[in-house]
Each structure stands twice: as structure tokens, then as C-alpha cells.
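Each remark here refers to the structure printed beneath this line.
Read the figures in this text as sums done on the coordinates, not as results from a lab. Nothing here was measured: the structure is a model prediction, and the numbers come from that model. With ideal geometry, Cβ positions are generated from the backbone for all residues, glycine too; neighbour counts draw on all protein chains shown.
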There are 2 protein chains.
Amino acid sequence: MKPSVVTIEPNGHFCSDCAIRGAAVCSSLDAAELREFEHLGRRVHFDSGETVFSEEDMTTSFYNVLEGVMRLYKLLPDGRRQIVGFALPGDFLGMNISGRHNFSADAIGAVTVCQFAKAPFGRFIEDRPQLLRRINELAIRELSQARDHMVLLGRRSADEKVATFLLGWRERQVALKGLSDTVPLPMSRQDIADYLGLTIETVSRTFTKLERHGVIEIIHGGISLLDPARAEALAAA
Amino acid sequence: MKPSVVTIEPNGHFCSDCAIRGAAVCSSLDAAELREFEHLGRRVHFDSGETVFSEEDMTTSFYNVLEGVMRLYKLLPDGRRQIVGFALPGDFLGMNISGRHNFSADAIGAVTVCQFAKAPFGRFIEDRPQLLRRINELAIRELSQARDHMVLLGRRSADEKVATFLLGWRERQVALKGLSDTVPLPMSRQDIADYLGLTIETVSRTFTKLERHGVIEIIHGGISLLDPARAEALAAA
DNA sequence: AAAGCCAATTGACAGAGATCAAATCTGAGT
DNA sequence: ACTCAGATTTGATCTCTGTCAATTGGCTTT
């Protein structure tokens, strides 16, 4: 999928009524700073499947996800893909040291981001250690998640991987939209497979197995978690 | 392995003649700051196999590795282990947001660290955004490495894993001690297996296979890289 | 030098998950 | 409603890596 039409809205938005105002990097800014901040960012929309940035690209922007889901992934020369994470509203992307993104990102369904040009954003941070501290916090949180995922990839069985993924994904949905046992899965089976280090067939078979055992019900566009306790048991093992 | 005797040297050391002065977090400090900084840290030695900190411990200190090698790992309830990285001189440990370490660390061979109590270190950072920026840089670098390792764990074959590990480890030795085709491997085969998401038997067989094919020679306490080009080819694939 | 211990290697076999292939389902467009 | 393309599921088989077991090797202790 290559990027097609990208709509840049002519500054018709304000941080003060931004849905993720409290969750994102912005949470470290006071009202006055926020007003200055909102001139730096632009809302940009991406359609389903569009690439927001690629691994080899020079980093020219930072991104704050406002709406939708993105897959973050790395490719091997022969085409094998590892999804290193899914980005949801509130996630901050673009941190790096090499000057290049070290993974690619594309939209799963429609996505809105708040895009910041690198240079002015860097200048804005300069004399706001609060913001820097917030960014550091996010980086460290991601690092911790990355290590958890290494354990999953290196040491867990297919059943454990799938159960852990479903619970973890549900957890993020809960944080965003409140508690529900209906878990929407906007990403494809292939995406899930590439996230868990499995093949699409194994993911599909495992879903079916979980359904046969009454742990989940496979519904349109997601799953329904029938037996959270049993799922937890599978994931913990 | 549980911690045994830990020697705390009575302040007989100075940052100015520290071997890793330029590489570590300290590189962001000027001479005056460094003089203040050296009162915060203490050199602490650990013997081979001793645990420096455990996953569930509250974080009370930050650590700067001065000498030696540490394995950083997470355990599953049933004892399966995933090594999430090896720490070498210059590496900075202890960053977290939960207030707890999110992995355990123990010494592989003798280790010396520069240990900082959390509170005074935090206060020292407070009005030194330079240092914070440096720490952020280190976190982001680690994050990038973590993502690379996810690709290895999720999508590479045993041969590729081992070849990639040997080249990566050699790279770090080169950065530390200069170029050499003799690569010391202070960690056990089990450590390598737990780092690569393999079993000890598979690691051993792969080493033997690489030796049969003339890519490496297994020597005492490490390997000799006979055919770097072939190893690169295996790792890239 | 012999004994003992732990790490590493090697062998035989098994199994989880991959691969190859076909069938079924779903949704968009006509 | 019908067609077509892509996604998902299911089946049959294979293979890479894990498991279990035995052997070898190196180092320390006596």
C-alpha cells in the first residue's frame, strides 16, 4: 500500500477540545503552553492501508495518534514481516536517534494523527523539560512493553501467544473505551500472525480452538471473550 | 544465584579517570558537573553469578556498568527464561516508570558498576536537561535494539539467529576493544539460547554446523570468526 | 592422577507449528 | 441478486526445533 490522497485540514482544530488531550504528550503542558503548541501541529487523515511513514525514511515529523489504529512493523529483505506494535489514540511516534524511523507504520482503517514538523517541535521542547520528561516516560513505557513482547516471542507457545494478545488488546480497548467483553479486532489475521511470530494458519486454528473450548466466540470484526478467567490461565501458564 | 558479599569501596574513585566516562550518561556533563556527580555514585563489585537486581524489586538505584557483562532477563512463572539483553560497560540500567525494575540482572563473570541512589540522582537530573536528554537518547537507542530483537525472535530461523547474534556481539566487542575476529563469549550456551529463543541443544548444534562449514572455529571461551562474509550472508537472508 | 561436577556436545525421536493446497466466507462492485 | 477478489478457515503433510537421554570434555578438589 502506498500513500494516496492525504487531507490536511486548514487549522480548524484546537488542542483544548482534542479527544486525547489528557493521554498524550500534551498532558504535560499547561493551558498557555497548549495554545502555543497547537500552532505546531496539523491534523492529517490517512485512509485504510495507507503508509504514514517507512522504516528507511528520514524522520521529518513526530506523530500523535488521535483516532484509529496503526500497525508498526519491520521487514526483512526477503519480505518476512514482524509487527513490533499497534499504535492507538494517545500514542506518540517518531522518536529516534539515527534520524530515520526504525520501523514502518500504516493505517488499519481510517486514521487521524496530529503531525508535528521535527524542527519546530524540537525547539518547543528545548526549554520545556516537563515535555521532555513526558516523552522520556513514554519511551521507557514502550521499552518495558517491548521486553514483555520479547518474552512472548521467544518463550511462549502459540496458544499462550494468542490468549495473551487477546487479553492485552482488550486491556487497551478498556483503557480507551471502557470495559466490555466484546473485543473488536480491526487488524487482519495476517497482522496478528506477524505480531505474534506465527503463521496466519496457526492463528486461525488457535482462534477456532479457543472457540471450540468456549473461551471466546468469533464474531464479526472481532471476538467476544466468554471466559476471561480461562483466557488468563492460558496466558499466564 | 543469590547476592553474597558486595564490596562498596569507600569513595576512592573519580569520574575524571573513569574508563567509560565518555560513553555513558556522564558524557553529557561538563567538568564542574562531573565533580558534583561523582559524590552521588559508588563503585560496587559483583562476583560471577550474583544478582544485581531482580524484576520484582522496587527500584532504589540506577546503575552504570563499568566493567564486565550482565545478563538482563525475565522469567515466566513456570521458569522459562527470556534474556532481553546483555549489558556491557557504558550501559545504563534502572530506568522505569512503575517504580520497579522490569527485568532481573545478574553478573556474568566479575562486574563493576557505578551505583546511584534513586532520589539524589533524580534531584541532580532535575535542573540538568542535558542529562535528561542523554538518558532519553539511551532509552530510544535501546528501544530500537529491542525492536530489532523482536524481528529476530519472531521471524528468523535458528541459523539466522545464531549468525546474527555472533555478528552483533562481535560488533559490540569491536566498539569496546577494537577490531578482532576472535570473539569472546563469556555467557553460557544456555544464556545464548535464552537470548535467541532457542534451546541449548539447538544452539550447540548450530555452532557445530557453522564450524563444519568453516564459518567459525569454536575456541575456548568463545569463537573465532573465520568467514565473516558468509556469516553476514546467513544473518541477512 | 583420580574422582566428581557441571557445561557442552551428540544422538534418537517426537511434536508444535509451518507449508502446501483446497474450500468457504465476506464484501465491493456491477 | 451475481460475480469476483481477497480474507479466513480447514485439511493433509512435512520439517525444524524441542525433548529426552547418553556421552564427552574441562575444571576443581582431593
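At-a-glance table
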quantity: Within a Gaussian network of chain B (alpha carbon springs, distance under 10 Å), most fluctuating of B:Ile97, B:Ile216, B:Ile135; calculated: B:Ile97
quantity: Chain B: angle of helix B:158-177 to the longest principal axis, Cα-based, in degrees nearest 10; calculated: 40 degrees
quantity: 7 Å along Cα→Cβ, label-point gaps from A:Gly214 to other copies, nm, shortest first; calculated: 6.3
quantity: Sequence-distant lysines (8 or more away, or on other chains) whose Cα lies within less than 27 Å of B:Lys177; calculated: B:Lys161
quantity: Shape category assigned to region A:7-150 from the gyration tensor of Cα positions, a/c cut at 1.5; calculated: prolate
quantity: Gyration tensor (alpha-carbon) shape descriptor, the protein assembly as shown, a/c threshold 1.5; calculated: oblate
quantity: Total formal charge among the other residues, if their Cβ is under 11 angstrom from that of B:Ala117, Lys/Arg +1 and Asp/Glu -1; calculated: +3
quantity: Computed magnitude of the charge dipole of region B:7-152 (debye, nearest 20; Cβ of K, R +1, Cβ of D, E -1); calculated: 300 debye
quantity: Packing-based exposure ordering (other Cβ within 10 Å, fewest first) of A:Met58, A:Met150; calculated: A:Met58, A:Met150
quantity: Most mobile listed residue (A:Pro184, A:Pro129, A:Pro89) in chain A, GNM with C-alpha springs under 10 Å; calculated: A:Pro129
quantity: B:Leu176, A:Leu76, A:Leu29 arranged by Cβ crowding within 10 Å, fewest neighbours leading; calculated: B:Leu176, A:Leu76, A:Leu29
quantity: Cα-centre dipole for region A:150-237 with unit charges at Cβ (Lys and Arg positive, Asp and Glu negative), debye to 20; calculated: 100 debye
quantity: Nearest-0.05 FRET efficiency for A:Ala31 and A:His213, computed from C-beta distance (R0 60 Å); calculated: 0.70
quantity: Residue of B:Val174, B:Val25, B:Val44 that the Gaussian network model of chain B assigns the largest fluctuation, springs spanning Cα pairs under 10 Å; calculated: B:Val174
quantity: Dipole of region B:7-152, positive end: most advanced residue of B:Ala24, B:Asn96, B:Leu152 [Cβ charges, Cα centre]; calculated: B:Leu152
quantity: Amide H within-cut-off set for A:Gly49, under 5 Å, with H built and near neighbours excluded; calculated: A:Ala107, A:Ile108, A:Gly109
quantity: Segment A:His39-A:Ala233, length gained on full extension (0.36 nm per residue, minus Cα span); calculated: 65.0 nm
quantity: Inter-chain Cβ neighbour average for residues A:153-160, partner chain, 10 Å; calculated: 5
quantity: Proximal charge balance of A:Gly214 [Cβ under 13 Å; K/R count +1, D/E count -1]; calculated: 0
quantity: Taking chain B and dividing mean pair separation by its residue count, relative contact order in percent (alpha carbons under 8 Å, at least six apart); calculated: 18 percent
quantity: 10 Å Cβ neighbours from other chains, averaged over peptide B:127-135; calculated: 3
quantity: 10 Å Cβ neighbours from other chains, averaged over peptide B:26-35; calculated: 0
quantity: Neighbour-count order for B:Cys114, B:Cys18, fewest beta carbons within 10 angstrom listed first; calculated: B:Cys18, B:Cys114
quantity: Size of electric dipole in the protein assembly as shown: Cβ of Lys, Arg +1 and of Asp, Glu -1, about Cα centre, debye, nearest 20; calculated: 460 debye
quantity: Angle between chain A longest axis and helix A:129-155 axis [Cα atoms, degrees, rounded to 10]; calculated: 20 degrees
quantity: Position A:Ala237, label points 7 Å along Cα→Cβ, spacing to each other copy in nm (shortest first, one decimal); calculated: 2.9
quantity: Two-site label geometry, B:Arg128 and A:Arg205: point separation in nm, points 7 Å out along Cα→Cβ; calculated: 5.6 nm
quantity: Region B:120-208 - percent relative contact order, Cα under 8 Å, separation 6 or more; calculated: 25 percent
quantity: At 7 Å out from Cα toward Cβ: A:Arg141 inter-copy label distances (nm, ascending); calculated: 2.5
quantity: Gyration tensor (alpha-carbon) shape descriptor, region B:156-236, a/c threshold 1.5; calculated: rounded
